[in-house]
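Each remark here refers to the structure printed beneath this line.
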Amino acid sequence: MKNEAKILLHILRQKRIRRKDLEKIIGVNPSTMTYLLDKLNDYIEITEEVPTLGKPPQFISISKRAWHILAISVGREKIRAVIYNGHGEELECTEQRVRKEHLNAIGITELIKNIFDKFYDFDSLGIAFSGNVNEEKVDSKILKLDNYDPVKALRLKSLGVPFIILSDVEAIAAYESKTSGKERVFVLNYGTGIGACYYEYHALFSRDEFKNIPLGHLYFGGNEKCYCGATGCLETVASDYVAFKNFTGSNISFIDFIEQEENYWDVLKSIRNINKTNNSKALEIYENVIDKLAYVLGNTTLLLGVSQIALYGEGSSKWFASMLERKINELSTNFKVSVRYGNVFDAVERGVSLEAAVHLVRKKFSK
Ligand SMILES: [Zn+2]
(Lines give C-alpha, C1' and ligand atoms only; values in the text may rest on other atoms or scores of the structure.)
Protein backbone atom coordinates (compact mmCIF):
# COMPACT_ATOMS: atom_id res chain seq x y z
CA MET A 1 0.00 0.00 0.00
CA LYS A 2 1.26 3.46 -0.84
CA ASN A 3 2.20 5.85 1.93
CA GLU A 4 -0.48 8.28 0.74
CA ALA A 5 -3.17 5.66 1.38
CA LYS A 6 -1.69 4.82 4.78
CA ILE A 7 -1.77 8.47 5.78
CA LEU A 8 -5.36 9.01 4.69
CA LEU A 9 -6.60 5.78 6.29
CA HIS A 10 -4.90 6.73 9.52
CA ILE A 11 -6.49 10.14 9.60
CA LEU A 12 -9.87 8.67 8.69
CA ARG A 13 -9.66 6.46 11.74
CA GLN A 14 -8.12 8.98 14.17
CA LYS A 15 -9.87 12.05 12.72
CA ARG A 16 -7.01 14.31 13.79
CA ILE A 17 -3.42 13.29 14.25
CA ARG A 18 -0.24 15.06 15.25
CA ARG A 19 2.19 15.32 12.36
CA LYS A 20 5.10 13.99 14.46
CA ASP A 21 3.06 10.90 15.42
CA LEU A 22 2.10 10.32 11.81
CA GLU A 23 5.79 10.40 10.77
CA LYS A 24 6.50 7.68 13.34
CA ILE A 25 3.55 5.50 12.32
CA ILE A 26 4.26 5.70 8.58
CA GLY A 27 8.02 5.48 9.14
CA VAL A 28 9.18 8.50 7.15
CA ASN A 29 11.35 11.51 7.98
CA PRO A 30 9.99 15.10 8.16
CA SER A 31 11.02 16.07 4.64
CA THR A 32 9.40 12.98 3.09
CA MET A 33 6.28 13.79 5.12
CA THR A 34 6.28 17.32 3.70
CA TYR A 35 6.47 15.84 0.20
CA LEU A 36 3.62 13.38 0.90
CA LEU A 37 1.39 15.98 2.53
CA ASP A 38 1.94 18.27 -0.47
CA LYS A 39 0.74 15.49 -2.75
CA LEU A 40 -2.32 15.02 -0.54
CA ASN A 41 -3.11 18.71 -0.54
CA ASP A 42 -6.60 18.18 -1.98
CA TYR A 43 -7.55 15.70 0.74
CA ILE A 44 -6.16 17.04 3.97
CA GLU A 45 -6.00 20.14 6.10
CA ILE A 46 -3.22 21.09 8.46
CA THR A 47 -3.86 23.12 11.57
CA GLU A 48 -1.38 24.51 14.08
CA GLU A 49 -1.84 24.80 17.79
CA VAL A 50 -0.50 27.68 19.81
CA PRO A 51 2.73 26.30 21.31
CA THR A 52 3.77 26.62 24.92
CA LEU A 53 7.25 27.12 23.57
CA GLY A 54 9.14 26.50 20.34
CA LYS A 55 7.62 25.41 17.04
CA PRO A 56 3.81 25.02 16.97
CA PRO A 57 2.68 21.38 16.69
CA GLN A 58 0.82 20.56 13.49
CA PHE A 59 -2.30 18.42 13.25
CA ILE A 60 -3.53 16.70 10.12
CA SER A 61 -7.18 15.96 9.37
CA ILE A 62 -9.34 15.14 6.35
CA SER A 63 -10.39 18.24 4.50
CA LYS A 64 -13.99 19.20 3.90
CA ARG A 65 -13.47 19.11 0.13
CA ALA A 66 -11.62 15.76 0.13
CA TRP A 67 -14.61 13.96 -1.37
CA HIS A 68 -18.34 13.65 -1.77
CA ILE A 69 -19.74 10.30 -0.70
CA LEU A 70 -23.22 9.10 -1.65
CA ALA A 71 -24.62 6.87 1.09
CA ILE A 72 -27.90 5.02 0.55
CA SER A 73 -29.80 3.10 3.18
CA VAL A 74 -32.45 0.72 1.84
CA GLY A 75 -35.00 -0.17 4.52
CA ARG A 76 -38.50 -1.59 4.65
CA GLU A 77 -40.20 1.76 5.15
CA LYS A 78 -37.94 4.07 3.19
CA ILE A 79 -34.81 4.51 1.16
CA ARG A 80 -32.70 7.41 2.40
CA ALA A 81 -29.80 8.87 0.45
CA VAL A 82 -27.28 11.41 1.71
CA ILE A 83 -24.26 13.16 0.24
CA TYR A 84 -21.51 13.69 2.83
CA ASN A 85 -18.37 15.81 2.47
CA GLY A 86 -14.93 15.00 3.90
CA HIS A 87 -15.99 16.31 7.32
CA GLY A 88 -18.99 14.00 7.35
CA GLU A 89 -21.37 16.92 6.99
CA GLU A 90 -24.65 16.26 5.25
CA LEU A 91 -24.78 18.28 2.02
CA GLU A 92 -27.93 16.89 0.42
CA CYS A 93 -30.49 14.31 1.34
CA THR A 94 -33.52 12.66 -0.20
CA GLU A 95 -36.02 10.00 0.82
CA GLN A 96 -38.17 7.58 -1.14
CA ARG A 97 -41.10 5.87 0.52
CA VAL A 98 -41.02 2.08 0.04
CA ARG A 99 -44.52 0.72 -0.55
CA LYS A 100 -45.71 -2.84 -0.61
CA GLU A 101 -45.63 -2.91 -4.43
CA HIS A 102 -41.92 -2.01 -4.41
CA LEU A 103 -40.98 -5.12 -2.46
CA ASN A 104 -39.26 -7.06 -5.22
CA ALA A 105 -36.06 -6.73 -7.24
CA ILE A 106 -37.64 -4.53 -9.93
CA GLY A 107 -39.31 -2.16 -7.47
CA ILE A 108 -36.24 -1.66 -5.29
CA THR A 109 -34.04 -1.21 -8.38
CA GLU A 110 -36.44 1.48 -9.67
CA LEU A 111 -36.37 3.40 -6.38
CA ILE A 112 -32.58 3.39 -6.12
CA LYS A 113 -32.25 4.43 -9.76
CA ASN A 114 -34.43 7.47 -8.98
CA ILE A 115 -31.78 8.48 -6.47
CA PHE A 116 -28.99 8.20 -9.03
CA ASP A 117 -31.00 10.55 -11.23
CA LYS A 118 -30.95 13.15 -8.46
CA PHE A 119 -27.31 12.85 -7.39
CA TYR A 120 -24.58 12.51 -9.95
CA ASP A 121 -21.64 14.35 -8.42
CA PHE A 122 -19.98 11.93 -5.99
CA ASP A 123 -16.61 10.20 -5.69
CA SER A 124 -17.64 7.00 -3.97
CA LEU A 125 -20.85 5.15 -3.24
CA GLY A 126 -22.05 2.99 -0.37
CA ILE A 127 -25.38 1.14 -0.25
CA ALA A 128 -26.64 -0.61 2.89
CA PHE A 129 -29.56 -3.02 2.66
CA SER A 130 -31.83 -4.22 5.42
CA GLY A 131 -31.05 -7.92 5.25
CA ASN A 132 -28.03 -10.09 4.60
CA VAL A 133 -25.28 -9.23 2.15
CA ASN A 134 -22.89 -11.86 0.93
CA GLU A 135 -20.32 -11.06 -1.74
CA GLU A 136 -22.42 -8.14 -2.99
CA LYS A 137 -25.59 -10.24 -3.23
CA VAL A 138 -28.57 -9.32 -1.08
CA ASP A 139 -30.97 -11.68 0.67
CA SER A 140 -33.69 -9.90 2.51
CA LYS A 141 -36.85 -11.39 3.90
CA ILE A 142 -38.40 -8.01 4.60
CA LEU A 143 -37.48 -6.45 1.23
CA LYS A 144 -38.46 -9.70 -0.51
CA LEU A 145 -35.08 -9.89 -2.24
CA ASP A 146 -33.61 -13.27 -2.99
CA ASN A 147 -30.01 -13.34 -4.22
CA TYR A 148 -30.47 -9.79 -5.54
CA ASP A 149 -27.46 -8.49 -7.44
CA PRO A 150 -27.33 -4.69 -7.03
CA VAL A 151 -24.08 -4.42 -9.02
CA LYS A 152 -25.80 -5.81 -12.09
CA ALA A 153 -29.33 -4.49 -11.52
CA LEU A 154 -28.17 -0.94 -10.86
CA ARG A 155 -25.29 -1.09 -13.34
CA LEU A 156 -22.97 0.22 -10.63
CA LYS A 157 -19.81 -0.32 -12.67
CA SER A 158 -21.06 2.16 -15.26
CA LEU A 159 -21.07 4.91 -12.60
CA GLY A 160 -17.28 5.01 -12.78
CA VAL A 161 -16.77 5.39 -9.02
CA PRO A 162 -15.83 2.86 -6.33
CA PHE A 163 -18.76 1.34 -4.49
CA ILE A 164 -19.44 -0.96 -1.57
CA ILE A 165 -22.51 -2.98 -0.60
CA LEU A 166 -23.15 -3.74 3.07
CA SER A 167 -25.98 -4.90 5.29
CA ASP A 168 -27.56 -2.30 7.58
CA VAL A 169 -26.16 -3.89 10.71
CA GLU A 170 -22.66 -3.98 9.18
CA ALA A 171 -22.96 -0.29 8.42
CA ILE A 172 -23.97 0.42 12.02
CA ALA A 173 -21.00 -1.62 13.26
CA ALA A 174 -18.66 0.38 11.02
CA TYR A 175 -20.15 3.58 12.40
CA GLU A 176 -19.76 2.36 15.98
CA SER A 177 -16.15 1.28 15.44
CA LYS A 178 -15.08 4.51 13.80
CA THR A 179 -16.86 6.83 16.22
CA SER A 180 -15.97 4.97 19.41
CA GLY A 181 -12.39 4.19 18.35
CA LYS A 182 -12.93 0.66 19.68
CA GLU A 183 -11.18 -2.10 17.77
CA ARG A 184 -13.88 -4.66 18.41
CA VAL A 185 -17.54 -3.81 18.29
CA PHE A 186 -20.69 -5.86 18.76
CA VAL A 187 -23.97 -4.46 17.47
CA LEU A 188 -27.42 -5.91 18.08
CA ASN A 189 -30.22 -4.85 15.77
CA TYR A 190 -33.47 -5.63 17.52
CA GLY A 191 -37.04 -5.54 16.19
CA THR A 192 -39.31 -8.20 14.73
CA GLY A 193 -36.03 -9.58 13.40
CA ILE A 194 -32.86 -9.99 15.42
CA GLY A 195 -29.59 -9.36 13.64
CA ALA A 196 -26.11 -8.82 14.95
CA CYS A 197 -22.68 -7.93 13.68
CA TYR A 198 -19.22 -8.26 15.12
CA TYR A 199 -16.70 -5.87 13.64
CA GLU A 200 -12.99 -6.06 14.05
CA TYR A 201 -10.66 -3.28 13.03
CA HIS A 202 -7.57 -4.76 11.38
CA ALA A 203 -5.32 -1.73 11.20
CA LEU A 204 -4.10 -0.54 7.87
CA PHE A 205 -2.83 -3.51 6.05
CA SER A 206 -5.75 -5.83 5.71
CA ARG A 207 -9.48 -5.50 5.37
CA ASP A 208 -11.55 -4.90 8.44
CA GLU A 209 -13.61 -7.88 9.30
CA PHE A 210 -17.37 -7.95 9.44
CA LYS A 211 -18.88 -11.03 10.91
CA ASN A 212 -22.62 -11.17 10.50
CA ILE A 213 -24.17 -13.19 13.25
CA PRO A 214 -27.58 -14.70 12.51
CA LEU A 215 -28.51 -14.32 16.16
CA GLY A 216 -32.22 -14.52 15.41
CA HIS A 217 -31.79 -18.05 14.08
CA LEU A 218 -29.76 -19.51 16.91
CA TYR A 219 -31.62 -22.44 18.41
CA PHE A 220 -33.44 -21.62 21.58
CA GLY A 221 -36.24 -24.20 21.74
CA GLY A 222 -40.02 -24.35 21.56
CA ASN A 223 -42.31 -25.58 18.78
CA GLU A 224 -42.70 -22.42 16.75
CA LYS A 225 -41.68 -22.70 13.11
CA CYS A 226 -39.48 -19.96 11.68
CA TYR A 227 -39.60 -18.55 8.13
CA CYS A 228 -36.06 -19.89 7.66
CA GLY A 229 -37.45 -23.43 7.75
CA ALA A 230 -36.17 -24.37 11.20
CA THR A 231 -38.11 -24.68 14.44
CA GLY A 232 -37.24 -23.00 17.73
CA CYS A 233 -35.22 -20.04 16.40
CA LEU A 234 -34.54 -17.21 18.86
CA GLU A 235 -36.73 -14.83 16.82
CA THR A 236 -39.75 -17.03 17.50
CA VAL A 237 -39.31 -16.76 21.29
CA ALA A 238 -37.56 -13.42 21.92
CA SER A 239 -38.40 -10.76 19.33
CA ASP A 240 -41.10 -8.11 18.94
CA TYR A 241 -43.30 -10.95 17.64
CA VAL A 242 -43.45 -12.21 21.21
CA ALA A 243 -44.02 -8.70 22.57
CA PHE A 244 -46.89 -8.44 20.05
CA LYS A 245 -48.45 -11.70 21.28
CA ASN A 246 -48.05 -10.67 24.92
CA PHE A 247 -49.67 -7.31 24.22
CA THR A 248 -52.59 -8.47 22.07
CA GLY A 249 -53.16 -11.98 23.42
CA SER A 250 -53.11 -13.16 19.80
CA ASN A 251 -51.83 -16.63 18.98
CA ILE A 252 -50.84 -15.88 15.40
CA SER A 253 -47.98 -18.03 14.10
CA PHE A 254 -44.56 -16.43 13.56
CA ILE A 255 -44.62 -17.13 9.83
CA ASP A 256 -48.05 -15.51 9.36
CA PHE A 257 -46.97 -12.56 11.47
CA ILE A 258 -43.87 -11.91 9.35
CA GLU A 259 -45.84 -12.37 6.10
CA GLN A 260 -48.42 -9.80 7.13
CA GLU A 261 -46.17 -7.59 9.22
CA GLU A 262 -47.37 -4.32 7.77
CA ASN A 263 -50.92 -5.01 8.98
CA TYR A 264 -49.51 -4.92 12.49
CA TRP A 265 -47.30 -1.86 12.20
CA ASP A 266 -49.74 0.34 14.13
CA VAL A 267 -49.88 -2.11 17.02
CA LEU A 268 -46.10 -2.51 16.93
CA LYS A 269 -45.77 1.25 17.04
CA SER A 270 -47.85 1.47 20.22
CA ILE A 271 -45.91 -1.39 21.81
CA ARG A 272 -42.63 0.34 21.01
CA ASN A 273 -43.99 3.54 22.41
CA ILE A 274 -44.75 1.77 25.68
CA ASN A 275 -41.23 0.36 25.58
CA LYS A 276 -40.00 3.97 25.50
CA THR A 277 -42.36 5.56 28.02
CA ASN A 278 -44.18 3.26 30.42
CA ASN A 279 -41.70 1.06 32.21
CA SER A 280 -44.00 -1.09 34.35
CA LYS A 281 -46.34 -1.82 31.45
CA ALA A 282 -43.31 -2.49 29.22
CA LEU A 283 -41.96 -5.01 31.69
CA GLU A 284 -45.22 -7.01 31.45
CA ILE A 285 -44.92 -7.14 27.67
CA TYR A 286 -41.18 -7.71 27.42
CA GLU A 287 -40.19 -9.73 30.47
CA ASN A 288 -39.89 -13.13 28.78
CA VAL A 289 -38.26 -11.51 25.72
CA ILE A 290 -35.60 -9.89 27.90
CA ASP A 291 -34.95 -13.12 29.84
CA LYS A 292 -34.29 -15.17 26.71
CA LEU A 293 -32.40 -12.51 24.84
CA ALA A 294 -30.15 -11.89 27.85
CA TYR A 295 -29.30 -15.60 28.02
CA VAL A 296 -28.14 -15.67 24.40
CA LEU A 297 -26.41 -12.28 24.51
CA GLY A 298 -24.46 -13.07 27.66
CA ASN A 299 -23.10 -16.24 26.10
CA THR A 300 -22.38 -14.45 22.83
CA THR A 301 -20.27 -11.80 24.56
CA LEU A 302 -18.17 -14.57 26.13
CA LEU A 303 -17.70 -16.25 22.75
CA LEU A 304 -16.63 -13.01 21.11
CA GLY A 305 -14.71 -11.58 24.06
CA VAL A 306 -16.57 -8.27 24.02
CA SER A 307 -17.83 -6.33 27.01
CA GLN A 308 -20.11 -3.87 25.34
CA ILE A 309 -23.22 -4.26 23.21
CA ALA A 310 -24.45 -1.38 21.08
CA LEU A 311 -28.22 -1.76 20.82
CA TYR A 312 -29.99 -0.49 17.71
CA GLY A 313 -33.20 -1.20 15.85
CA GLU A 314 -36.86 -0.24 15.84
CA GLY A 315 -37.71 -2.36 18.86
CA SER A 316 -34.96 -0.95 21.06
CA SER A 317 -35.01 1.87 23.58
CA LYS A 318 -32.97 3.25 26.46
CA TRP A 319 -35.16 1.32 28.88
CA PHE A 320 -34.75 -1.91 26.89
CA ALA A 321 -30.96 -1.48 26.89
CA SER A 322 -30.82 -0.99 30.66
CA MET A 323 -33.12 -3.97 31.31
CA LEU A 324 -31.02 -6.20 29.06
CA GLU A 325 -27.84 -5.07 30.75
CA ARG A 326 -29.22 -5.78 34.21
CA LYS A 327 -30.58 -9.19 33.22
CA ILE A 328 -27.40 -10.34 31.47
CA ASN A 329 -25.20 -9.47 34.45
CA GLU A 330 -27.64 -11.13 36.87
CA LEU A 331 -27.52 -14.42 34.98
CA SER A 332 -23.87 -15.25 35.51
CA THR A 333 -20.92 -13.69 37.29
CA ASN A 334 -18.94 -14.47 34.14
CA PHE A 335 -20.94 -11.84 32.28
CA LYS A 336 -19.64 -8.30 32.66
CA VAL A 337 -21.49 -6.49 29.97
CA SER A 338 -22.71 -2.99 29.35
CA VAL A 339 -25.52 -2.38 26.88
CA ARG A 340 -25.61 1.04 25.28
CA TYR A 341 -28.63 2.33 23.39
CA GLY A 342 -27.42 3.59 20.01
CA ASN A 343 -29.75 6.48 19.57
CA VAL A 344 -28.36 7.68 16.22
CA PHE A 345 -31.03 7.79 13.56
CA ASP A 346 -28.64 7.99 10.59
CA ALA A 347 -25.99 5.51 11.81
CA VAL A 348 -26.57 3.30 8.73
CA GLU A 349 -25.95 6.12 6.24
CA ARG A 350 -22.98 7.41 8.23
CA GLY A 351 -21.47 3.96 8.63
CA VAL A 352 -21.75 3.01 4.98
CA SER A 353 -20.34 6.42 3.95
CA LEU A 354 -17.27 5.87 6.17
CA GLU A 355 -16.67 2.47 4.59
CA ALA A 356 -17.14 4.00 1.13
CA ALA A 357 -14.48 6.62 1.99
CA VAL A 358 -12.05 3.90 3.10
CA HIS A 359 -12.75 2.04 -0.11
CA LEU A 360 -12.15 5.18 -2.20
CA VAL A 361 -8.75 5.75 -0.58
CA ARG A 362 -7.73 2.13 -1.10
CA LYS A 363 -8.72 2.24 -4.77
CA LYS A 364 -7.26 5.64 -5.52
CA PHE A 365 -3.86 5.02 -3.95
CA SER A 366 -3.45 1.34 -4.60
CA LYS A 367 -0.69 1.72 -7.17
ZN1 LIG B 1 -35.00 -19.12 11.79
Among what's in the range 132-146 and is basic (Lys, Arg) and not in a strand (DSSP E or B), pick the residue that is nearest to residue 193 (Cα to Cα).
141
Kindly provide the set of residues from the range 253-283 that are farther than 22 Å from residue 195 by Cα and not in a helix (DSSP H, G or I), ordered by number.
278
Scanning for something modelled with pLDDT under 95, buried (at least 22 other Cβ atoms within 10 Å of the Cβ) and away from the ligand (no atom under 16 Å from the Cβ), does the range 273-281 turn up at least one residue?
yes
Listed residues 20, 55, 24, 64; which is assigned to a loop (DSSP other than H, G, I, E, B) and over 26 Å from the mean Cα position of the chain (by Cα)?
55
Give the residue that is surrounded by the fewest Cβ atoms within 10 Å (Cβ to Cβ), with candidates limited to residues of the range 347-367 that are closer than 21 Å to residue 44 by Cβ and under 11 Å from the mean Cα position of the chain (by Cα).
354
Extreme residue, farthest from the chain's Cα centre (by Cα), among residues of the range 324-346 that are assigned to a helix (DSSP H, G or I) and buried (at least 23 other Cβ atoms within 10 Å of the Cβ)
328
Does residue 128 count as within 22 Å of residue 313 (Cβ to Cβ) and either free of Cβ contacts under 8 Å to residues at least 12 places away in the same chain or in contact with a Cys (Cβ under 9 Å, 6 or more places away or on another chain) (or both)?
no
Considering the range 216-239, residues that are more than 8 Å from the ligand (Cβ to nearest atom) and among the aromatic types (Phe, Trp, Tyr), and then whichever is surrounded by the fewest Cβ atoms within 10 Å (Cβ to Cβ), we arrive at 219
Any chance the range 240-251 includes a residue that's within 25 Å of the chain's Cα centre (by Cα) and within 12 Å of the ligand (Cβ to nearest atom)?
yes
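This table checks each residue for (1) touching a residue at least 60 places away in the same chain (Cβ under 8 Å); (2) out of contact with any Ser or Thr (no Cβ under 6 Å at 6 or more places or on another chain); (3) not assigned by TED's automatic domain parsing to the domain that holds residue 124.
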{"site": "16", "(1), (2), (3)": "no, no, yes"}
{"site": "28", "(1), (2), (3)": "no, yes, yes"}
{"site": "36", "(1), (2), (3)": "no, yes, yes"}
{"site": "80", "(1), (2), (3)": "yes, no, no"}
{"site": "101", "(1), (2), (3)": "no, yes, no"}
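The values are calculated or read from the model by the stated rules, or taken from the named source; none is laboratory data. Predicted model only: the values in this text are computed from it and were never measured. Reconstructed Cβ throughout: ideal geometry from the backbone, glycine too, with neighbour counts over all protein chains shown.
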